[in-house]
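Enquirer: The structure under discussion is supplied below as structure tokens; questions concerning it will follow.
The values are calculated or read from the model by the stated rules, or taken from the named source; none is laboratory data. Since the model is a prediction, treat every value here as computed from it, not as a measurement. Cβ placement follows ideal geometry from the backbone for every residue including glycine, while neighbour counts extend to all protein chains displayed.
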Amino acid sequence: MSMFEYAPAPESRDVVDIKPSYGLFIGGEFTDGSGPSFKTVNPATEETLAEVATASSDDVDRAVQAARKAFDAWSGLPGSERAKYLFRIARIIQERARELAVLESLDNGKPIRESRDVDVPLVAAHFFYYAGWADKLSHAGFGPDPRPLGVAGQVIPWNFPLLMLAWKIAPALACGNTVVLKPAETTPLTALLIAEICQQAELPPGVVNIVTGAGETGAAVVAHPDVNKVAFTGSTDVGRLIARTVAGSGKKLTLELGGKAANIVFEDAALDQAVEGIVNGIFFNQGHVCCAGSRLLVQESIQEELLAALKRRLATLRLGDPLDKNTDIGAINSAEQLAKIRQLSEAGESEGAERWSPACELPGRGYWFPPTLFTGVAQSHRIAREEIFGPVLSILTFRTPAEAVEKANNTPYGLSAGIWTEKGSRILWMADKLRAGVVWANTFNRFDPASPFGGYKESGYGREGGLRGLEAYLDV
Amino acid sequence: MTTSLADVASSGATLRAFLHGLPGVDRVGADQRAAMLGTRSIKTTAKAQAIDLAISMVDLTTLEGADTPGKVRALCAKARHPGEGAPRVAAVCVYPDLVHVAAGALAGSGVKVASVATAFPSGRSSLEVKVSETKLAVAAGADEIDMVIDRGAFLAGDHLKVYEEIAAVKAACGDAHLKVILETGELATYDNVRRASWLAMLAGGDFIKTSTGKVSPAATLPVTLIMLEAVRDFRDATGRQVGVKPAGGIRTTKDAIKNLVLVNETAGDDWLSPDWFRLGASSLLNDLLMQRQKLATGRYAGPDYFTLD
């Protein structure tokens, strides 16, 4: 037993009032869905949190019509008036931050420390940021009077339910579009709480519509003929499907898909901070991060030293109750995802990589996976090529900067990369050569609404965030 | 590594090469890590345990020009019996000329007598003066010497001078433990903090200490974090364990607990004892006692229920 055991420090779930069942949010009101309802569970306990309506294609049609109806008035408002609504939403998000964070952790399984300190503050920041653009679009470099596209159909994943919602809704609304958004079927609750916040902010009915459901609902949103813009964040397979659906329809499309990012550590790196960056890169949000640093490329000369430091650090990670304020690693979001992580980890072993996890007790109920390292990984292994989307790090080595670049780029993906070195000129040289939308230097998984985010190659196209993020929602 | 470490101080050039060959510290990353550990929520039983541990690690300190025998005796009385049921503190830290007073007042209590020395706080004097001051303090009954390094020499790149002074003072300490004050607020960069930590450990320091308390900033969390990493890595390299003492600016129970969390999650269990971790402080003790009572009774007592010494 350790000398200093932290007592349980659970955040109270009383701050959030979960209803037994939820409908769809269409035209400013909650309405029933005509599809069969589904259950959303707390992945840490497998307890059912609520029943949620499935939007049929008729329901999606109603939502698109509501958005269409609201579009003229909304896009006709002066930017400064649209900004007021966005600022109001941002402020309400800050006021209700605890409620949002607790609900996010309950429905998603992520640690409250992250939902409280990362997700929710970034969500508010994103609304604040794009609120600021709403009345300055004429000065954004897209001509004197850039016009919105119309109705945006947006489909978001379960890993950052609130943050991905903010990335989609905030720029769309700032530019004058109206939206129909479908949250992921395993994490619909916070999106429905945002719907409530839209009501509280007195956002005109129909500007934001939220339809819940699984893949079919998403497909209906994407395929709807009256949708002008499709934005999707999720897997590359579904992204391909969407690209095929949208092709030739004239709909504007942005895709933010998978990744297999290289986190590259040179022998002259600030070692202790590099270890933190590796941990943050792959174990943040249980590795359910499209830009996760899932491939560690370490210079062979410091491999042993770094590996020892990394193992020592992993032994201090605290896995367990997502609502405990001291939890570092929460639950895997779903049984399906857990099965995928297990399957790929088994492939790693059978292909000859060596698997290691710290001594780590997993709770008896819920979906859990221990933080895991694979050493002796080769570029040809599946765990070096396929996105695992879990707390599993594949460790490879390199000898020279050129080899690091070659290995980092040798993937169908290109969403993000990390460079750890104390040598500034090498950072610039590397960043120039890495084919990745985001290159972090001496940090990882840092986000800011002012910074554009998006991928190369099969990680998607279009950019979200920053000035570039406006382009996706303007007719330019 | 042990054999090569024995030679690193053979010349200024080898020492410099060694210290500059240590991995760098990224300021942003170190600050972030310390801030994250500062969010740990220590409640109920863990808090009670942490408070008692923190009390037992306090070096109760008075380092004022106006210090008198009476003031020192009062502090010693508090050190022996901080409060109902509370553990005694680790040491009382005074100027050298008051060591005999503290030694008399603490005799048989188990509380150590610590003395600053070596022209504290600036360290701007000759080696002869520093060594003889150390010897006088030890002769007067000091169990521990808190020396300051020559920051001027360090910043001028004369690492060997700093090393030799520490080694000389260590020799003058005899059986007394040597704490080496880096005065990290004057070293300014985290890279310097790491280098000075290694320098002090290589030269024979038993403890590395952040600050004199006379310079701001004193003990910040990132600086303590870097020093904890240094003692951890030094033990891995040499097998010798060195203690850490943040001092200055630690005033509240919350500050103290954040420090313990840093120890727990950086250096680990082996450092969670007064033998290996100290908190240099004066007003901290009363806040610890107040929080201790609050945990036990559920109520805060007014400040007048805690003695001002």
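Enquirer: Test B:S216 against the criterion of being of a type in the set (S, T, N, Q) and surrounded by fewer than 21 Cβ atoms within 10 Å (Cβ to Cβ), and give yes or no. Outline the logic, then answer.
Expert: Details: of a type in the set (S, T, N, Q): yes; surrounded by fewer than 21 Cβ atoms within 10 Å (Cβ to Cβ): yes.
Here the answer is yes, as B:S216 does meet what is asked.
Enquirer: Show the residue pairs meeting these rules: Cβ distance below 7 Å; 6+ apart or different chains; first residue within the range A:301-315 and touching a residue at least 24 places away in the same chain (Cβ under 8 Å); second residue in a helix (DSSP H, G or I).
Expert: The qualifying pairs are A:L306/A:L271; A:A309/A:L271; A:A309/A:V275; A:L310/A:V275; A:L310/A:I278; A:R313/A:V275; A:R313/A:V279.
Each row is one residue, and each column tells you yes or no for (1) in the same structural domain as A:A331 (by TED's automatic domain parsing); (2) without any contact (Cβ under 8 Å) to a residue 12 or more places away in the chain; (3) in contact with a Lys or Arg (Cβ under 6 Å, 6 or more places away or on another chain); (4) more than 22 Å from A:E336 (Cα to Cα).
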site: A:P146; (1), (2), (3), (4): no, no, no, yes
site: A:A152; (1), (2), (3), (4): no, no, yes, yes
site: A:A166; (1), (2), (3), (4): no, no, no, yes
site: A:T186; (1), (2), (3), (4): no, no, no, no
site: A:C198; (1), (2), (3), (4): no, no, no, yes
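Enquirer: Quick check on A:Q286: is it among the polar types (S, T, N, Q) and within 14 Å of chain B (Cβ to nearest Cβ)? Steps first, please.
Expert: On the way: among the polar types (S, T, N, Q): yes; within 14 Å of chain B (Cβ to nearest Cβ): no.
So A:Q286 fails the test.
Enquirer: Still on this model: Filter the range A:11-21 for residues that are surrounded by fewer than 16 Cβ atoms within 10 Å (Cβ to Cβ) and touching a strand residue (DSSP E or B) at 6+ places or on another chain (Cβ under 7 Å); which is farthest from the other protein chains (Cβ to nearest Cβ)?
Expert: Ranking the candidates gives A:S21 first.
Enquirer: For residues that are part of a helix (DSSP H, G or I), out of contact with any Ser or Thr (no Cβ under 7 Å at 6 or more places or on another chain) and either away from chain B (no Cβ under 14 Å) or among the polar types (S, T, N, Q) (or both), tally how many sit in the range A:111-152.
Expert: Qualifying residue count, the range A:111-152: 17.
Enquirer: A follow-up question, please. Within the range B:100-135, can you find the residues that are over 23 Å from B:S56 (Cβ atoms) and outside any helix (DSSP H, G or I)?
Expert: B:A117, B:T118, B:A119, B:F120, B:P121, B:S122, B:G123, B:R124, B:S125, B:S126
Enquirer: Got a sec? Which of B:V131, B:V148 is β-branched (V, I, T) and over 15 Å from B:D175 (Cα atoms)?
Expert: Working: B:V131 fails: over 15 Å from B:D175 (Cα atoms).
Residue meeting the stated conditions: B:V148.
Enquirer: Name the single residue that is nearest to the other protein chains (Cβ to nearest Cβ) among those in the range A:22-47 being assigned to a loop (DSSP other than H, G, I, E, B) and surrounded by fewer than 16 Cβ atoms within 10 Å (Cβ to Cβ). Even if it seems obvious, please write down each step before you answer.
Expert: At the first step, the residues of the range A:22-47 found to be assigned to a loop (DSSP other than H, G, I, E, B) are A:23, A:27-28, A:32-34, A:43-46.
This time we only want the ones that are surrounded by fewer than 16 Cβ atoms within 10 Å (Cβ to Cβ), so: A:32, A:34, A:46.
Details: A:D32: 41, A:S34: 45, A:E46: 26 Å.
Among residues in the range A:22-47 that are assigned to a loop (DSSP other than H, G, I, E, B) and surrounded by fewer than 16 Cβ atoms within 10 Å (Cβ to Cβ), the one nearest to the other protein chains (Cβ to nearest Cβ) is A:E46.
Enquirer: State whether one or more residues within the range A:354-362 are in the same structural domain as A:I419 (by TED's automatic domain parsing) and crowded, with 21+ Cβ neighbours inside 10 Å. Can you show your working first?
Expert: Taking the range A:354-362 and keeping what is in the same structural domain as A:I419 (by TED's automatic domain parsing), we get A:354-362.
Next, only the ones that are crowded, with 21+ Cβ neighbours inside 10 Å stay: none.
No, every residue in the range A:354-362 fails to be in the same structural domain as A:I419 (by TED's automatic domain parsing) and crowded, with 21+ Cβ neighbours inside 10 Å.
Enquirer: Still on this structure, I have one more. Sort through A:A7, A:A50 and tell me the only one that's surrounded by fewer than 21 Cβ atoms within 10 Å (Cβ to Cβ), touching a residue at least 60 places away in the same chain (Cβ under 8 Å) and either among the small types (G, A, S) or away from every other protein chain (no Cβ under 14 Å) (or both). Spell out the reasoning first.
Expert: Working: A:A7 fails: touching a residue at least 60 places away in the same chain (Cβ under 8 Å).
After applying the criteria, what remains is A:A50.
Enquirer: Output the residues belonging to the range B:34-49 that are facing chain A (nearest Cβ under 7 Å) and either touching a helix residue (DSSP H, G or I) at 6+ places or on another chain (Cβ under 7 Å) or closer than 20 Å to B:V231 by Cβ (or both).
Expert: Quick first cut of the range B:34-49, residues facing chain A (nearest Cβ under 7 Å) only: B:39-46, B:49.
Passing the criteria: B:T39, B:R40, B:I42.
Enquirer: Moving to a separate point now. Give the range B:212-229 a look and list any residue that's touching a residue at least 40 places away in the same chain (Cβ under 8 Å) and over 16 Å from B:T266 (Cα atoms), or say none.
Expert: Residues satisfying the conditions are B:T212, B:G213, B:K214, B:V215, B:A219.
So that you can scan it fast, the table gives a plain yes or no per residue for (1) in contact with a strand residue (DSSP E or B) (Cβ under 8 Å, 6 or more places away or on another chain); (2) of a type outside the set (K, R); (3) within 25 Å of A:S380 (Cα to Cα):
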{"residue": "A:E196", "(1), (2), (3)": "no, yes, no"}
{"residue": "A:N209", "(1), (2), (3)": "yes, yes, no"}
{"residue": "A:T217", "(1), (2), (3)": "yes, yes, no"}
{"residue": "A:V238", "(1), (2), (3)": "yes, yes, yes"}
{"residue": "A:L253", "(1), (2), (3)": "yes, yes, no"}
{"residue": "A:F266", "(1), (2), (3)": "yes, yes, yes"}
{"residue": "A:I278", "(1), (2), (3)": "yes, yes, yes"}
{"residue": "A:N285", "(1), (2), (3)": "no, yes, no"}
{"residue": "A:C290", "(1), (2), (3)": "yes, yes, yes"}
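Enquirer: Hey, any hits in the range A:400-416 for a residue that's closer than 26 Å to A:G109 by Cα and either assigned to a loop (DSSP other than H, G, I, E, B) or within 24 Å of the chain's Cα centre (by Cα) (or both)? Walk me through it before giving the result.
Expert: Looking only at the range A:400-416, we keep the residues that are closer than 26 Å to A:G109 by Cα, and these are A:415-416.
From the residues that got through so far, the ones that are either assigned to a loop (DSSP other than H, G, I, E, B) or within 24 Å of the chain's Cα centre (by Cα) (or both) too are A:415-416.
Scanning the range A:400-416 turns up at least one residue that is closer than 26 Å to A:G109 by Cα and either assigned to a loop (DSSP other than H, G, I, E, B) or within 24 Å of the chain's Cα centre (by Cα) (or both).
Enquirer: Does B:R278 count as among the charged types (D, E, K, R), farther than 28 Å from A:L314 by Cβ and buried (at least 21 other Cβ atoms within 10 Å of the Cβ)? Give the steps one after another, and end with the answer.
Expert: Working: among the charged types (D, E, K, R): yes; farther than 28 Å from A:L314 by Cβ: yes; buried (at least 21 other Cβ atoms within 10 Å of the Cβ): yes.
In short, yes.
Residue-by-condition table, conditions (1) under 13 Å from the mean Cα position of the chain (by Cα); (2) within 22 Å of B:L308 (Cα to Cα):
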| residue | (1), (2) |
| --- | --- |
| B:A218 | yes, no |
| B:V223 | yes, no |
| B:A237 | no, no |
| B:R240 | no, no |
| B:D255 | no, yes |
| B:L262 | no, no |
| B:P274 | yes, no |
| B:L284 | no, yes |
| B:M290 | no, yes |
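Enquirer: Same structure, new question: Quick check on this structure: which one of B:G141, B:G123, B:G108 is at positive phi and buried (at least 19 other Cβ atoms within 10 Å of the Cβ)?
Expert: B:G123
Enquirer: Does the range A:451-476 hold any residues that are over 20 Å from A:A261 (Cα atoms) and assigned to a loop (DSSP other than H, G, I, E, B), and which are they?
Expert: Let us first name the residues in the range A:451-476 that are over 20 Å from A:A261 (Cα atoms), namely A:466-476.
Of everything in the range A:451-476, those that are over 20 Å from A:A261 (Cα atoms) and assigned to a loop (DSSP other than H, G, I, E, B) turn out to be A:G466, A:L467, A:A472, A:Y473, A:D475, A:V476.
Enquirer: Taking the range A:92-131 as the search range and keeping residues that are under 16 Å from the mean Cα position of the chain (by Cα) and among the basic types (K, R), which one is nearest to A:P161 (Cα to Cα)?
Expert: A:K110
Enquirer: Out of the residues in the range B:55-84 meeting the condition of being part of a loop (DSSP other than H, G, I, E, B) and of a type in the set (V, I, T), tell me which one is nearest to the other protein chains (Cβ to nearest Cβ). Walk me through it before giving the result.
Expert: Taking the range B:55-84 and keeping what is part of a loop (DSSP other than H, G, I, E, B), we get B:62-68, B:81-84.
Still in the list and also of a type in the set (V, I, T): B:62, B:68.
Numbers: B:T62: 29, B:T68: 38 Å.
Filtering first and then ranking leaves B:T62.
Enquirer: Do we have A:S334 as among the polar types (S, T, N, Q) and under 23 Å from A:T411 (Cβ atoms) here? Show your work before the answer.
Expert: Values: among the polar types (S, T, N, Q): yes; under 23 Å from A:T411 (Cβ atoms): no.
Spelling it out, it is not the case that A:S334 is among the polar types (S, T, N, Q) and under 23 Å from A:T411 (Cβ atoms).
Enquirer: Here is a further query. Select from the range A:248-278 the residues that are charged (D, E, K, R) and within 11 Å of chain B (Cβ to nearest Cβ) and list them in ascending order.
Expert: Just the residues of the range A:248-278 that are charged (D, E, K, R), to begin with: A:251-252, A:256, A:260, A:267-268, A:272, A:276.
Answer for the range A:248-278, where residues must be charged (D, E, K, R) and within 11 Å of chain B (Cβ to nearest Cβ): A:E267, A:D268, A:D272, A:E276.
Enquirer: Okay, moving on. Of all residues in the range B:254-293, count the ones that are more than 14 Å from chain A (Cβ to nearest Cβ) and either in contact (Cβ under 8 Å) with a residue 60 or more places away in the chain or assigned to a strand (DSSP E or B) (or both).
Expert: Adding up the residues that qualify gives 12.
Enquirer: So, one more: Can you tell me which of A:V275, A:V246, A:V222 is in the same structural domain as A:S394 (by TED's automatic domain parsing), of a type in the set (V, I, T) and either closer than 30 Å to A:K423 by Cβ or surrounded by 17 or more Cβ atoms within 10 Å (Cβ to Cβ) (or both)? Even if it seems obvious, please write down each step before you answer.
Expert: Numbers: A:V246 fails: in the same structural domain as A:S394 (by TED's automatic domain parsing); A:V222 fails: in the same structural domain as A:S394 (by TED's automatic domain parsing).
One residue alone meets the criteria, A:V275.
Enquirer: Among the listed residues B:D31, B:D52, B:D97, which satisfies the condition of being assigned to a helix (DSSP H, G or I), acidic (D, E) and more than 14 Å from chain A (Cβ to nearest Cβ)?
Expert: Values: B:D31 fails: more than 14 Å from chain A (Cβ to nearest Cβ); B:D52 fails: more than 14 Å from chain A (Cβ to nearest Cβ).
The unique qualifying residue is B:D97.
Enquirer: Yes or no: B:D175 more than 30 Å from A:T327 (Cβ to Cβ), surrounded by fewer than 22 Cβ atoms within 10 Å (Cβ to Cβ) and not polar (S, T, N, Q)? So that I can check it myself, show each step before the final result.
Expert: Working: more than 30 Å from A:T327 (Cβ to Cβ): yes; surrounded by fewer than 22 Cβ atoms within 10 Å (Cβ to Cβ): yes; not polar (S, T, N, Q): yes.
Criteria met by B:D175.
Enquirer: Restricting attention to the range B:1-28, report how many residues are in a helix (DSSP H, G or I) and at the interface with another protein chain (Cβ under 7 Å from one of its Cβ atoms). First the steps, then the outcome.
Expert: In the first step, residues of the range B:1-28 are kept if they are in a helix (DSSP H, G or I); the result is B:2-10, B:12-20, B:27-28.
From what is left, the residues that are at the interface with another protein chain (Cβ under 7 Å from one of its Cβ atoms) are B:28.
Residues in the range B:1-28 being in a helix (DSSP H, G or I) and at the interface with another protein chain (Cβ under 7 Å from one of its Cβ atoms): 1 in total.
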